[in-house]
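Trainee: Can you read through this structure? Questions will come right after.
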């Protein structure tokens with residue numbers, strides 16, 4: 001081997017850099033373990049809320065030692081920045097995809113125009129977006145062009161307005177306006193991206209990830225390690241639309257009259273046939289008196305069926321009433337009904353009703369209802385764009401946290417006018433953030449000058465910090481809806497690390513022992529190269545800042561199995577050269593040289609499918625593709641160069657004899673003479689039956705599609721004791737309606753709940769509603785004293801409740817499904833072309849692609865047949881698509897190795913009616929079975945020890961490896977031979 005010195009130097013440097021990069025991970029891990037031990041020793045489990053206290057103490061400990069030098073070249077703070085990034089499934093946290101509303105941006109650019117053509121085009125674009133892959137903006141342009149008539153985008157009441165007057169005028173054509181609007185939309189989305197980045201920087205998690213997804217208006221945010229999930233969701237989806245509204249007083253006769261009238265009308269609407277006795281003739285005009293009567297004699301009101309009044313209770317702080325939290329949705333729906341809104345007296349006809357925003361930690365069961373003075377255009381008295389700074393402070397008088405705000409000059413003037421009006425009317429001024437009333441104080445001493453204001457209320461210090469954070473970062477240019485999310489509790493992340501590490505150690509140990517058992521001393525050199533390969537994989541992952549996920553660990557473990565393949569190919573070729581009577585040095589040189597073609601072809605085909613998986617995949621699946629790609633490159637380097645260096649070094653010394661087998665494996669699979677082609681018709685019949693059954697099952701039993709493909713929400717929930725999934729399914733279907741699926745997930749005390757309930761409705765409120773319904777329905781299965789907060793995701797040491805939740809909106813589910821389809825088609829097309837270029841005959845490509853189709857159909861069929869009976873998750877999701885693509889890569893790996901040997905043997909000896917094809921197949925049998933067995937054992941280790949979430953994924957891989965090994969010998973080669981048969985018989989080949 002040439003340039004040995006250069007290769008040694010490169011390997012040494014590569015190894016040292018990898019160790020250096022990984023040292024940061026070990027350092028930060030050790031410091032965090034010390035912090036955890038310190039917190040455990042200081043705070044007993046007997047203390048109330050000990051988990052939260054321990055977490056706070058851990059954070060304090062880490063802050064105190066963060067800057068201390070360690071080993072002379074780093075500190076904990078620096079090490080944390082450079083450590084190996086762990087994904088949500090290993091660390092816990094939240095992953096969301098936000099959809100920035102392009103519709104809102106367009107309406108803002110058009111100054112919320114009332115132009116009917118513009119608004120009709122928006123409505124048409126809404127409808128078209130449900131069944132189109134085009135961006136919302138292009139759909140809007142198409143819809144506008146279809147209905148515009150003589151109206152132009154550059155009309156003064158659309159885009160040629162005061163706001164855009166410097167770039168758009170009414171003389172411009174639509175073709176001139178469109179690129180300007182595209183630029184404005186892109187700037188707005190980039191602005192949203194920067195606002196979110198600034199908010200996340202203030203959130204306080206390490207290694208956050210935020211990135212735009214093309215021109216779709218989607219932004220991906222990952223917050224690994226985020227423990228307060230509710231806080232994270234609120235921070236991300238909050239538009240930060242700050243507004244100041246004057247409130248109507250409780251004593252307003254018009255509001256009082258409306259409440260009476262609304263109650264009467266609702267009684268008629270909801271109970272049209274029941275005669276209701278009129279007991280309200282002598283009611284007083286003031287709401288507070290009315291509500292006092294309600295509080296005193298609510299049973300009478302209920303018996304008289306007062307749908308609205310029975311739900312309203314007296315309130316203070318400028319709210320017109322208080323409502324039970326569970327009744328807010330119902331009361332809100334009443335107040336939004338058009339027939340109820342029509343009852344509003346003229347002087348309050350534009351009133352805006354808004355709910356009080358309760359603290360996340362509040363245990364109050366009542367929420368305030370406010371009546372805000374609005375107008376025809378729904379414009380507040382003041383907007384929050386005048387805020388130039390905000391901060392979280394402690395009130396020196398009450399010792400409660402509050403948010404102080406500083407306004408610009410214009411804001412200070414407006415604030416003085418607004419507070420003066422409020423003082424004169426003796427009403428309140430509601431501080432409204434994202435349609436929630438945070439506080440609504442009165443003004444007792446006249447107009448407030450200076451442009452300073454504050455938000456007070458029942459808040460924690462963390463909440464006031466978040467409010468100040470979002471106000472400083474600025475408001476989003478449009479609403480941001482969470483269309484896809486995954487929430488993983490920290491305890492589940494730790495379990496994933498433990499199970500992933502266990503599967504890794506077992507797979508590694510088996511491979512190391514197997515190589516020594518099969519190849520003796522040569523196997524030891526392969527093992528050294530393999531361990532070095534693992535070091536390089538982790539080193540490269542850390543250097544690139546890539547994220548390690550549980551599927552990523554599976555990718556590394558799979559790489560272990562596949563890296564064995566290169567060494568097996570090399571050692572088998574060396575044995576063949578030795579059998580031909582060559583000397584050790586020459587046999588080693590020729591063995592490495594002859595195996596190189598097969599090794600490269602096999603790894604390139606697998607690498608191509610991994611690249612496609614990386615392009616079309618997302619989240620953990622992209623992590624799997626990343627580790628697989630890195631593993632392929634490092635495996636090639638270690639097998640071709642490191643193993644060669646070690647073998648050459650050993651045999652260069654006199655008196656050393658290196659055997660490539662042991663006494664038990666010597667001569668194994670030697671002189672095999674199986675007539676594979678002669679048995680191809682039997683193989684065809686077997687495959688035809690398997691494919692027929694698979695297709696029949698796919699059409700009748702179908703596949704269980706996960707939320708990735710159909711949309712919805714899924715929850716992994718654990719209990720202390722075993723539960724009956726069927727019984728829970730019946731209860732939850734009564735709550736959520738039909739379509740809710742419950743199945744045992746792993747152990748009998750764990751279930752997975754999937755529901756399409758309100759899948760089209762976005763917002764944290766819906767997520768909370770569903771979690772509330774789950775909690776109420778499952779409370780009898782939980783230990784006594786389990787609170788709602790204990791049940792939901794978040795606590796680091798919890799062993800019951802929701803451990804993981806996933807939400808996928810219908811739009812993104814369609815996108816995932818399309819991406820999966822194109823990923824599979826793309827991988828097949830790329831591989832077909834590669835094999836065509838490599839082997840120069842389309843018959844080879846036909847055989848390979850037919851074998852792949854054969855393998856995929858059988859894997860799908862087995863999933864369809866066994867989906868209902870297997871005790872683990874068999875849903876078709878992104879992880880399953882990753883498995884299918886890996887099966888494609890593995891099947892091609894096998895097939896290409898066989899085809900390489902066929903090409904070599906036939907090139908030397910000719911076709912001879914297929915006899916030499918059989919010879920080539922027999923000569924690869926040792927490698928085929930050796931590699932397949934090793935990979936299979938590795939996959940079984942992950943399947944058994946790798947955690948519940950990986951079982952379906954690994955099951956598909958195991959089936960794929962078995963079927964792929966069979967098809968490479970009994971399908972791909974016979975198909976290729978039959979396609980070439982006429983040419984072979986006629987002597988043209």
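Trainee: Does residue 5 count as closer than 30 Å to residue 627 by Cα, in a helix (DSSP H, G or I) and modelled with pLDDT of 90 or more? Explain how you work it out, then say what you get.
Mentor: Values: closer than 30 Å to residue 627 by Cα: yes; in a helix (DSSP H, G or I): yes; modelled with pLDDT of 90 or more: no.
Judged against the criteria, residue 5 is not a match.
Trainee: Would you please name the residue that is farthest from the chain's Cα centre (by Cα), looking only at residues in segment 318-343 that are crowded, with 16+ Cβ neighbours inside 10 Å and assigned to a loop (DSSP other than H, G, I, E, B)?
Mentor: It comes out as 343.
Trainee: Residues that are touching a helix residue (DSSP H, G or I) at 6+ places or on another chain (Cβ under 8 Å): find the strands (runs of 3 or more DSSP E) completely inside segment 347-420 holding 3 or more of those.
Mentor: 366-372, 387-394, 401-407
Trainee: Is it the case that segment 98-121 has a residue that's on the phi > 0 side of the Ramachandran plot, at pLDDT below 90 and outside any strand (DSSP E or B)?
Mentor: Yes, the conditions are met somewhere in segment 98-121.
Trainee: Here's a follow-up. Among the numbered criteria (1) at pLDDT 85 or above; (2) crowded, with 18+ Cβ neighbours inside 10 Å; (3) under 26 Å from residue 52 (Cβ atoms), which one does residue 437 miss?
Mentor: (3)
Trainee: Tell me the residue from 64, 44, 60 that is part of a loop (DSSP other than H, G, I, E, B) and surrounded by fewer than 17 Cβ atoms within 10 Å (Cβ to Cβ), please.
Mentor: None of the others qualify; the one that does is 44.
Trainee: How many residues are over 50 Å from the mean Cα position of the chain (by Cα) and part of a strand (DSSP E or B) when one looks only at segment 246-262?
Mentor: Qualifying residue count, segment 246-262: 0.
Trainee: When you scan segment 448-478, how many residues do you find that are out of contact with any helix residue (DSSP H, G or I) (no Cβ under 8 Å at 6 or more places or on another chain), surrounded by 21 or more Cβ atoms within 10 Å (Cβ to Cβ) and outside any helix (DSSP H, G or I)?
Mentor: Number of matching residues: 1.
Trainee: Buried (at least 24 other Cβ atoms within 10 Å of the Cβ), closer than 30 Å to residue 654 by Cβ and in contact (Cβ under 8 Å) with a residue 24 or more places away in the chain: is that true of residue 574 in this structure? Before the answer, list the steps.
Mentor: On the way: buried (at least 24 other Cβ atoms within 10 Å of the Cβ): yes; closer than 30 Å to residue 654 by Cβ: yes; in contact (Cβ under 8 Å) with a residue 24 or more places away in the chain: yes.
Answer is yes for this residue.
A quick yes/no check of all residues on (1) over 30 Å from residue 239 (Cβ atoms); (2) touching a strand residue (DSSP E or B) at 6+ places or on another chain (Cβ under 9 Å); (3) part of a helix (DSSP H, G or I); (4) without any contact (Cβ under 8 Å) to a residue 40 or more places away in the chain:
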| site | (1), (2), (3), (4) |
| --- | --- |
| 495 | yes, yes, yes, no |
| 509 | yes, no, yes, yes |
| 517 | yes, no, yes, no |
| 560 | yes, no, yes, no |
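Trainee: Name the pairs whose Cβ atoms lie under 7 Å apart, with the first residue in segment 771-784 and buried (at least 19 other Cβ atoms within 10 Å of the Cβ), the second part of a loop (DSSP other than H, G, I, E, B), and 6 or more positions between them or separate chains?
Mentor: Within 7 Å, the pairs are 771/792; 781/719; 781/723.
Trainee: Also: Filter segment 739-760 down to residues that are under 13 Å from residue 712 (Cα atoms) and over 19 Å from the mean Cα position of the chain (by Cα) and give me whichever is surrounded by the fewest Cβ atoms within 10 Å (Cβ to Cβ).
Mentor: So, considering only residues that are under 13 Å from residue 712 (Cα atoms) and over 19 Å from the mean Cα position of the chain (by Cα), the one surrounded by the fewest Cβ atoms within 10 Å (Cβ to Cβ) is 739.
Trainee: With respect to residue 481, is the statement that it is outside any helix (DSSP H, G or I) and in contact (Cβ under 8 Å) with a residue 12 or more places away in the chain true?
Mentor: yes
Trainee: Another question, then. Which residues, taken from segment 132-145, are outside any loop (DSSP other than H, G, I, E, B) and free of Cβ contacts under 8 Å to residues at least 24 places away in the same chain? I'd like the intermediate steps shown before the answer.
Mentor: Of segment 132-145, the ones outside any loop (DSSP other than H, G, I, E, B) are 136-145.
Matches in segment 132-145: 138, 139, 142, 143.
The values are calculated or read from the model by the stated rules, or taken from the named source; none is laboratory data. Because the structure is predicted, anything quoted here is derived from the model rather than measured. Glycine also receives a Cβ, built like all others from the backbone with ideal geometry; neighbour counts cover every protein chain displayed.
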